[in-house]
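A.B. asks: Below you will find the structure I want to go over with you.
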Amino acid sequence: MRFKRVAAVAAAATLALGLAACGGDDADEGTGAGSKSFPAGSTMEKLNKAQKIKVGTKFDQPGFGQKGLSGKPEGFDVEVAKIIVKELGIPEDKIEYVETPSKVREDVIVNGTVDLVAATYTINDKRKERIAFAGPYYEAGQNILVKKDDTTITGPDSFKDGTKKVCSVTGSTPAEEIKKYVKDVATQVVLFDTYDKCRDALKGGQVDAVTTDNVILLGFIAKDEASFKLAGDNFTKEPYGIGVKKEDTDFRTFINDTLEKAFADGSWKKAWDDTAGKFGAELGTAPTVNRY
């Protein structure tokens, strides 16, 4: 009798452990926690354990990062960020999006306000002095937006006579680039904190043109074809990267690995087709990740 009682207790304990294990698997499947393994102490491990992440992006750029009807930003940058977050084992609904205009992108990374920035963020050496980049995941080119009936502006050289005003965003690469083509920076280059304000200034006649990356401008055209057009061809190359803390080499490597995986498995192209690709811009071939 004693043997039977011991056997029964052992069986019950085994069953209880089995049920607990099943319950644990279900919990992991629902949240993503525990389904990924990362090096101890790494940013990836910390984010996975926390099951939340802060992503800096734009809220005013059609096709890349613009607030939609859901109240959350939508676009190619956002979808690329989601690919990275998924690889971290974090559900989409645990992403907190932080509006990140051009002029504060380095600041929010350095200060730890966000965990990464995906915001039409051109990789360049000056920015690398403060932060690090994974990628690139796309290469854009600077262009010029004008009113539909404007025939006087055909490219950046059209500003050299000093008579026309062009708008861009404070802290952006396009804002610095266009200064090379104007006669008088103080009177010709108008800067705002968002491209929406530049578009409105163009439509209202306060400026003669807006300049930034072609894909952003194509987004504005797609929403108002009767008012705007591009003037001329792209005149720069703008490789977009994911911004992270300068010293976090492991996190940058993880993101680079994730991007290369997305290039290969089709998720990168799908992200494009579902967002900026609808505006007529070409995706092209996957860029080569720069593992500097």
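The values are calculated or read from the model by the stated rules, or taken from the named source; none is laboratory data. In this text, all values refer to a predicted model and were calculated from it rather than measured experimentally. When we count neighbours, we look across all protein chains shown, and the Cβ atoms used for this are built from the backbone with ideal geometry, even at glycine.
A.B. asks: Among the listed residues T253, T285, which satisfies the condition of being surrounded by fewer than 16 Cβ atoms within 10 Å (Cβ to Cβ), among the β-branched types (V, I, T) and without any contact (Cβ under 8 Å) to a residue 24 or more places away in the chain?
C.D. replies: Numbers: T253 fails: without any contact (Cβ under 8 Å) to a residue 24 or more places away in the chain.
Going through T253, T285 in turn, just one is surrounded by fewer than 16 Cβ atoms within 10 Å (Cβ to Cβ), among the β-branched types (V, I, T) and without any contact (Cβ under 8 Å) to a residue 24 or more places away in the chain: T285.
A.B. asks: Does V215 satisfy the criteria of being among the aliphatic types (A, V, I, L, M) and at pLDDT 95 or above?
C.D. replies: The answer is no for V215.
A.B. asks: What about A226, is it surrounded by 22 or more Cβ atoms within 10 Å (Cβ to Cβ), touching a residue at least 60 places away in the same chain (Cβ under 8 Å) and among the aliphatic types (A, V, I, L, M)?
C.D. replies: no
A.B. asks: Just to be sure before I move on: is I95 buried (at least 22 other Cβ atoms within 10 Å of the Cβ), within 23 Å of M44 (Cβ to Cβ), assigned by TED's automatic domain parsing to the domain that holds N256 and in contact with a strand residue (DSSP E or B) (Cβ under 9 Å, 6 or more places away or on another chain) in the structure I sent?
C.D. replies: For I95, the condition - buried (at least 22 other Cβ atoms within 10 Å of the Cβ), within 23 Å of M44 (Cβ to Cβ), assigned by TED's automatic domain parsing to the domain that holds N256 and in contact with a strand residue (DSSP E or B) (Cβ under 9 Å, 6 or more places away or on another chain) - is not met.
A.B. asks: Follow-up. Is it the case, given these coordinates, that K183 is assigned to a loop (DSSP other than H, G, I, E, B) and basic (K, R)?
C.D. replies: The answer is yes for K183.
A.B. asks: Kindly indicate whether A132 is farther than 20 Å from G75 by Cα and not assigned by TED's automatic domain parsing to the domain that holds K197.
C.D. replies: Numbers: farther than 20 Å from G75 by Cα: yes; not assigned by TED's automatic domain parsing to the domain that holds K197: yes.
In short, yes.
A.B. asks: Continuing with the same structure: Confirm whether A132 is at pLDDT 95 or above, surrounded by 24 or more Cβ atoms within 10 Å (Cβ to Cβ) and either of a type in the set (G, A, S) or farther than 23 Å from T211 by Cβ (or both).
C.D. replies: No; evaluated as a whole, the condition is false for this residue.
A.B. asks: Here is a follow-up. Starting from the stretch 191-208, take each residue that is in contact (Cβ under 8 Å) with a residue 40 or more places away in the chain and under 11 Å from K147 (Cα atoms) and list its partners that are of a type in the set (F, W, Y) and not in a loop (DSSP other than H, G, I, E, B), counting only C-beta distances under 6 angstrom and pairs at least six apart or across chains.
C.D. replies: These pairs meet every condition: R199/F220.
A.B. asks: Would you be able to say whether some residue in the stretch 181-188 is surrounded by fewer than 14 Cβ atoms within 10 Å (Cβ to Cβ), small (G, A, S) and not assigned by TED's automatic domain parsing to the domain that holds K270?
C.D. replies: Yes: the stretch 181-188 contains one or more residues that are surrounded by fewer than 14 Cβ atoms within 10 Å (Cβ to Cβ), small (G, A, S) and not assigned by TED's automatic domain parsing to the domain that holds K270.
A.B. asks: So S70 clears everything in (1) at pLDDT below 95; (2) over 25 Å from the mean Cα position of the chain (by Cα) except one condition, right? Which one?
C.D. replies: S70 satisfies all of (1) at pLDDT below 95; (2) over 25 Å from the mean Cα position of the chain (by Cα) except (2).
A.B. asks: Answer with yes or no whether G171 is assigned to a loop (DSSP other than H, G, I, E, B), within 26 Å of the chain's Cα centre (by Cα) and modelled with pLDDT under 95.
C.D. replies: yes
A.B. asks: Of the residues V108, V85, only one is surrounded by 20 or more Cβ atoms within 10 Å (Cβ to Cβ) and within 26 Å of K126 (Cα to Cα); which? Break it down stepwise before answering.
C.D. replies: On the way: V85 fails: within 26 Å of K126 (Cα to Cα).
Only one candidate passes the filter, namely V108.
A.B. asks: Anything in the stretch 269-288 that is farther than 13 Å from I216 by Cα and either in contact with a helix residue (DSSP H, G or I) (Cβ under 7 Å, 6 or more places away or on another chain) or of a type outside the set (V, I, T) (or both)? List them, or say none.
C.D. replies: K269, K270, A271, W272, D273, D274, L283, G284, A286, P287
A.B. asks: Only one residue in K103, K67, K147 is of a type in the set (D, E, K, R) and in contact with a helix residue (DSSP H, G or I) (Cβ under 8 Å, 6 or more places away or on another chain). Which one?
C.D. replies: Of K103, K67, K147, the one residue that is of a type in the set (D, E, K, R) and in contact with a helix residue (DSSP H, G or I) (Cβ under 8 Å, 6 or more places away or on another chain) is K147.
A.B. asks: While we're on this one: Test V207 against the stated conditions and say whether it is closer than 25 Å to V78 by Cα, surrounded by 18 or more Cβ atoms within 10 Å (Cβ to Cβ) and touching a Lys or Arg at 6+ places or on another chain (Cβ under 6 Å).
C.D. replies: No; evaluated as a whole, the condition is false for this residue.
A.B. asks: To continue, here is another question. Would you please name the residue that is nearest to D273 (Cα to Cα), looking only at residues in the stretch 63-77 that are of a type outside the set (G, A, S) and crowded, with 24+ Cβ neighbours inside 10 Å?
C.D. replies: F76
A.B. asks: Of K86, K128, which residue is farther than 27 Å from L191 by Cβ, more than 14 Å from the chain's Cα centre (by Cα) and not small (G, A, S)? Spell out how you get there, then give the answer.
C.D. replies: Values: K128 fails: farther than 27 Å from L191 by Cβ.
None of the others qualify; the one that does is K86.
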